[in-house]
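All remarks here apply to the structure that follows.
The values are calculated or read from the model by the stated rules, or taken from the named source; none is laboratory data. Keep in mind it's a predicted model, so treat the numbers as computed, not measured. Because the Cβ atoms are built from the backbone with ideal geometry, glycine has one as well, and the counts that use them run over all protein chains shown. The accessibility values were calculated without ligands, DNA or RNA, using every heavy atom of the protein model including side chains. Shrake-Rupley method; radii C 1.70, N 1.55, O 1.52, S 1.80 Å.
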Amino acid sequence: LKKIKLSANILEENDLAANKARKYFTKQNIFVINFMGSPGSGKTTLISGIIKLLKKKYSLGVIEGDVATAKDAEKIAKLKIPVALLNTDQIGNACHLTSKMIRKAYKKLGEKVNILFIENIGNLVCPAEFDLGEHLRISMTSITEGDDKISKYPPMFMKADVIVVNKFDLLRHFDFSVKGVKKDIARLNPKAKVFYLDATAGKDLDKFAAYLEERLINLQFTIE
Ligand SMILES: Nc1nc2c(ncn2[C@@H]2O[C@H](COP(=O)(O)OP(=O)(O)OP(=O)(O)O)[C@@H](O)[C@H]2O)c(=O)[nH]1
Ligand SMILES: [Mg+2]
């Protein structure tokens, strides 16, 4: 009989690597933000919008995680920002990024950045368990996914610093209870900062970018 030791070790190993990475990023004055959420919730759209607003003031970089293709990485590269791509189809189609992968990708980025955005694999389950050494965790859902996602996938939202409910422009087309979502957040993660966004719209993005800048300053990073 062969007994297989399951993921506890993997998680422990990842936590150690992530804590080490966080110390390194902090020392290097690199503010690291991990964007997580379902496929299509708007991670790339939001990151791209924020880049446009912040790129004059900060040196920015992106690590793009996808199971396959360079589609998102190409969108980011068009914004003239250094981007490193992690495709997990090379390693068994992993549904999340790990701290070890981030270390590798960061080296490939090859440029010193002030803010590092990580787009995790589109998934509401696995990425929640894997600390990437980030300073800020953003978990996204959107109107089109339905109003039950926060309650059905609690770990993704319980550990988030920021919860984004995206595609708010589409609210009137869907049977979506904002009140219910607010209740779920109050129950699962009352301390989270919550944004109801249209990631394609200017005014909402201004607010979101201003919040990221505020966090950067509060965490004592300096502008480079
Ligand atoms: N109406 C509306 N559409 C949006 C919004 N945000 C994103 N979209 C659209 O939703 C689709 C998916 O957006 P992406 O940004 O690619 O989503 P993603 O989370 O990066 O998806 P994956 O990388 O596949 O996990 C695109 O067609 C976007 O234009 C929004 O706030 N409102
Ligand atoms: Mg994307």
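Structure notes:
- Selection count, segment 48-73, where residues are within 12 Å of ligand 2 (Cβ to nearest atom) and closer than 19 Å to ALA199 by Cα: 6
- From LEU85, LEU53, LEU60, residue being more than 14 Å from ligand 1 (Cβ to nearest atom), open to solvent by 50 Å² or more (accessible area, probe 1.4 Å) and either touching a helix residue (DSSP H, G or I) at 6+ places or on another chain (Cβ under 8 Å) or in contact (Cβ under 8 Å) with a residue 40 or more places away in the chain (or both): LEU53
- Only one of the numbered conditions (1) open to solvent by 20 Å² or more (accessible area, probe 1.4 Å); (2) β-branched (Val, Ile, Thr); (3) away from ligand 1 (no atom under 11 Å from the Cβ) is violated by ILE115, and that is (1).
- Every condition in (1) closer than 22 Å to PHE31 by Cβ; (2) assigned to a helix (DSSP H, G or I); (3) open to solvent by 40 Å² or more (accessible area, probe 1.4 Å) holds for LEU212 except the one numbered (3).
- Subset of segment 192-206 [surrounded by 12 or more Cβ atoms within 10 Å (Cβ to Cβ), without any contact (Cβ under 8 Å) to a residue 60 or more places away in the chain and either among the aliphatic types (A, V, I, L, M) or within 16 Å of ligand 1 (Cβ to nearest atom) (or both)]: ALA192, VAL194, PHE195, TYR196, ASP198, ALA201, ASP204
- Test: ASN189 is out of contact with any Pro (no Cβ under 8 Å at 6 or more places or on another chain), open to solvent by less than 50 Å² (accessible area, probe 1.4 Å) and away from ligand 2 (no atom under 16 Å from the Cβ): yes
- Pairs where the first residue, in segment 161-175, is without any contact (Cβ under 8 Å) to a residue 60 or more places away in the chain and more than 14 Å from ligand 1 (Cβ to nearest atom) and the second is open to solvent by 10 Å² or more (accessible area, probe 1.4 Å) and of a type in the set (Phe, Trp, Tyr), C-beta under 8 Å, 6+ apart: VAL162/PHE195; VAL162/TYR211; ILE163/PHE195
- Breaking point among (1) under 21 Å from SER177 (Cα atoms); (2) in contact with a helix residue (DSSP H, G or I) (Cβ under 8 Å, 6 or more places away or on another chain); (3) free of Cβ contacts under 8 Å to residues at least 40 places away in the same chain, for VAL125: (1)
- Test set (1) over 20 Å from ARG103 (Cβ atoms); (2) at pLDDT 95 or above; (3) open to solvent by 90 Å² or more (accessible area, probe 1.4 Å) - TYR24 fails condition number: (1)
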